[in-house]
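Just below is one structure, and these are the notes that go with it.
The values are calculated or read from the model by the stated rules, or taken from the named source; none is laboratory data. Just so you know, these numbers come straight off a predicted model, no measurement behind them. Heads up, the Cβs are rebuilt from the backbone with ideal geometry, glycines too, and the neighbour counts pull from every protein chain shown. Just the protein is used for accessible areas: all its heavy atoms, side chains included, with ligands, DNA and RNA removed. Shrake-Rupley method; radii C 1.70, N 1.55, O 1.52, S 1.80 Å.
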Amino acid sequence: MSRTLRLDPVLIQAAIAGALSFAHLHDLAAAAGQDGWKAWAYPVSVDLLLVAAWRRMRTDAENRDAWLWFAIALTASLGANVATAGLLDLQDVPAWLRILVAGWPALAFLGGTLLAHTPASTPTPAPDLEPEPEFTDQPHIEPAVDVTVERAPEQAPELPPAEPAPEDTPPQSAPAPVAVPVPPALLDHARKIADAHHAQTGAPIDAATLRGRLGVPPALAESIAAQLA
């Protein structure tokens, strides 16, 4: 499978700029008395410190040491480029520049060591999530639905005037409660609640519990309980 080699203009520009900066640093080091392989080691030292500081800045943008050493390496590179552009006589380098060039290896070694051994900032741990609820095999109980039952007011029957009962008349039993009509939808919902109550407790639901679940009047709760019995 053949692959076509494509040249990126950005990479070409970066290579040209790097070569020029490398040559300027070499010429400045050679003019300051660093001959032979030492003159070639200076641009390597400056560029490596620049790359190391840039990589640390990418991983930890809040690291002030990385910004400091990046600025120092960039100043050294830019200074060499400007100095070799005709502003400085390379045949007669001043003493202060010779001192800076001679002291650069120790400075670069210190910066590279600090960047290599400075621990990266620890990321903030994510907050603990709440544990998921455990599902059990309990029967599903539907929530009680608020049902409002509207009843027309019933007129009380007119009672005949009370007559004095003879002494020998036996006491009469209390009248049976009047059955209240129950809507079919309410009765079906009450039956589901009663079945769920029986499945949980093992006992049939009573009128008081049924009244609390449905929110209906006592007479209607009694009527529903009687129909569910």
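For this structure, a couple of remarks:
- In Å, descending, principal axis extents of the Cα set of region 1-92: 56, 40, 24
- Residue 191 accessible area, 1.4 Å probe, all protein chains in place, Å² to nearest 10: 100 Å²
- Summing Cβ point charges (Lys, Arg +1; Asp, Glu -1) relative to the Cα centre of region 23-79 gives a dipole of roughly 120 debye.
- Kirkwood Rh, angstrom, region 73-117 [1 / mean 1/r, Cα pairs]: 11.9 Å
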